C-alpha cells in the first residue's frame, strides 16, 4: 500500500517537471518569433502586351457579284424559209351525226335485259363449323327486287344447319342489275344460288 503511494508521487513529480520544461521552451521560442523579422515572398507579374493589330480584312468574306438587273435579251429565232410554191393538201372537215332523241318512260332509255349479278359477298365461315373442320353448302331461293337487292331468302337444302345463317347473311348483301321489261324494272322471284363453305388447305 505504501509502495503504491511512493510510486504515484514519483510519477507525478516527473510529469510536473516535464510540463515546466515544455512551458519554458515555448516561452523562449515565442520571444524569438516575435523579435525576428518575417520573410516576405515576392510575386513577379509578367504583363503581356495586347496585339492591337488584328487582320480584320482576312476574316470578312468577299461579297458575291450582284446579279444583272435585266436579263439578257434572247436572240431572235430564225424561222425556216417557207416555200410559197409548195403543194397544199385540202382536207375536208368530217361530218358528225348524233341522235339526241331520248326514248323510254320519262325521257330515259332503259336497256332491255335480264337480271345480272354485280356484287357477290363471300360468307363468313361459322366458328363452330370451323372448330370442327366441317365443310358444306347451302342452296337458297330469293327474289331480286327492282332496286337490284335481295329479298326473302329461303333455305332449300343444306348440308348442315351450322351454315344456314351465314349463307343468308351473305345473300342479303348481293347486288344485281334488275330485270327490265318494256323499259320498266321488275322483280324476279325464285332466283336460286348455292353458297359453298370449304376450308383452305
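Throughout, read-outs are computed from the coordinates displayed, never taken from laboratory work. Just so we're clear, the structure is a prediction, and the values are computed from it rather than from any experiment. Ideal geometry is used to build each Cβ from the backbone, glycine not excepted, and the neighbour counts take in all protein chains shown.
Values as computed for the structure displayed
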{"item": "Cα pair count fraction exceeding 18 Å, expressed as % - the range 144-201", "result": "42"}
{"item": "Peptides 126-133, 18-25 ordered by average Cβ neighbours within 10 Å, highest first", "result": "126-133, 18-25"}
{"item": "Pairwise label distance in nanometres, residue 7 with residue 118, each label 7 Å out on the Cα-Cβ vector", "result": "12.7"}
{"item": "Where labels lie 7 Å past Cα in the beta-carbon direction, separation of residue 130 and residue 199 in nm", "result": "1.2"}
{"item": "Residue 146-residue 62 pseudo-label distance in nm [points 7 Å out on the Cα-to-Cβ vector]", "result": "8.8"}
